[in-house]
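I have placed the structure first, in the form of structure tokens, so that the comments after it can refer back to it.
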Amino acid sequence: MYYIAKVDADMCAEYKCNTCTLYCPEANTLMFDKERNTSYVDVDRCKGCELCVYVCTDMLSRNCVSMLTPHELKEEQALAAQK
Ligand code: SF4
Ligand code: SF4
């Protein structure tokens, strides 16, 4: 696995759309949190196919999903933990 999808929760929550979760080919990988109104990724299950990026960026022009390397994802998680 070289890349893992990461949803920008703050941006995603503005849309309340849930669309990308309908397209992810992996079960229980890209899910929707109804309380926070955002989709989120199970990083251990993501296969890096980028279909969610296609849906959010190309189909919907929203740009809420990025593909990160495992190293980049760890750095983001470390930064988030400091907040
Ligand atoms: S398609 Fe984009 S805006 Fe819609 S739920 Fe997925 S990440 Fe959020
Ligand atoms: S990159 Fe593919 S497997 Fe990973 S969350 Fe997006 S659609 Fe699902």
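If only the Cβ of Lys and Arg carry +1 and only the Cβ of Asp and Glu carry -1, the dipole of the chain around its Cα centre is close to 120 debye. The count of lysine pairs in the chain with alpha-carbon distances below 16 Å, taking only pairs 8 or more places apart or on different chains, stands at 4. Based on alpha carbons, the Rg and Dmax found for region 36-82 are 11.9, 34 Å.
For the chain, excluding the exposed loop sites themselves (GluC sites (Glu not before Pro), DSSP loop, at most 16 other Cβ atoms within 10 Å), the longest remaining stretch covers 51-83. Extension gain, E50-R36: 0.36 nm per intervening residue step, less the Cα-Cα distance, totals 2.7 nm. Solvent-accessible surface of region 4-82, averaged per residue with a 1.4 angstrom probe and all protein chains in place: 64 square angstrom.
Viscosity 1.306 mPa s, temperature 10 °C: what is the translational diffusion coefficient of region 4-82 from Stokes-Einstein with a Kirkwood Rh over Cα pairs, rounded to a whole number of µm²/s?
Answer, rounded: 126 µm²/s.
Of the accessible area of region 4-82, computed with a 1.4 Å probe over protein heavy atoms only, carbon and sulfur atoms account for 48 percent.
The values are calculated or read from the model by the stated rules, or taken from the named source; none is laboratory data. Everything quoted here is computed from the prediction, not taken from an experiment. Please note: Cβ atoms are built from the backbone with ideal geometry, for glycine as well, and neighbour counts cover all protein chains shown. Heavy atoms of the whole protein, side chains included, go into the accessibility calculation; ligands, DNA and RNA do not. Shrake-Rupley method; radii C 1.70, N 1.55, O 1.52, S 1.80 Å.
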